[in-house]
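Novice: My questions all concern the structure below.
The values are calculated or read from the model by the stated rules, or taken from the named source; none is laboratory data. Bear in mind the structure is a predicted one, so any value in this text is a computation, not a measurement. Counting neighbours? That spans all protein chains shown, and the Cβs are built from the backbone with ideal geometry, glycine included.
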Amino acid sequence: MTAPLPSPAQPTIRVDDDPAALPRDQWNALLAASPLPSPFMRLEYLEAMHASGSAVAKKGWQAQFLSVWDGDTLIAACPAYLKGHSYGEYVFDWAWADAYDRHGPAYPTSSCCSPDTGCTATISATASAATACR
């Protein structure tokens, strides 16, 4: 009788409230390999937005950076924020927010983007996910 093969390790999903908790070299390597890399998606830019107080919870940008790990290797990531308003988004959703407010609260919402830019993103080790600046 042969021993069963070990099952492959499952990827781990992590949520961080500070971009500085992520490895800059791995994040930027994923970004560089994407079809449309943007300087606004570099971890240094996102860290600066956080450290300066421009994109922090008290300003309506609660960081919830999503990352997928294979052991110690970052294989996919997304800068996500819980938003308490529409300021700093590329497309303002005031009409939708007003309509929702008439029927219940419109916020918080979730936004996967680089604050105050037109960049929405998911970066991945595969070509199936990419950064897009519109």
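Novice: State which residue is farthest from Pro37 (Cα to Cα) when the search covers only the range 64-75 and only residues that are assigned to a strand (DSSP E or B) and touching a residue at least 60 places away in the same chain (Cβ under 8 Å).
Specialist: Result: Asp70.
Novice: To continue, here is another question. Looking at the range 26-44, which of its residues are touching a residue at least 60 places away in the same chain (Cβ under 8 Å) and assigned to a helix (DSSP H, G or I)?
Specialist: Result: Trp27, Leu30, Leu31, Ala33, Phe40, Met41.
Novice: Which residue out of Tyr87, Tyr100 is exposed (fewer than 13 other Cβ atoms within 10 Å of the Cβ), among the aromatic types (Phe, Trp, Tyr) and either out of contact with any Phe, Trp or Tyr (no Cβ under 9 Å at 6 or more places or on another chain) or at pLDDT below 85 (or both)?
Specialist: Tyr87
Novice: Here's a follow-up. Here is a check on your reading of the model: is Pro79 at pLDDT 95 or above and closer than 16 Å to Ser111 by Cβ?
Specialist: Against the criterion (at pLDDT 95 or above and closer than 16 Å to Ser111 by Cβ), Pro79 does not qualify.
Novice: Looking only at residues in the range 18-40 that are crowded, with 16+ Cβ neighbours inside 10 Å, of a type outside the set (Ser, Thr, Tyr) and at pLDDT below 90, which one is farthest from Gly84 (Cα to Cα)?
Specialist: It comes out as Pro37.
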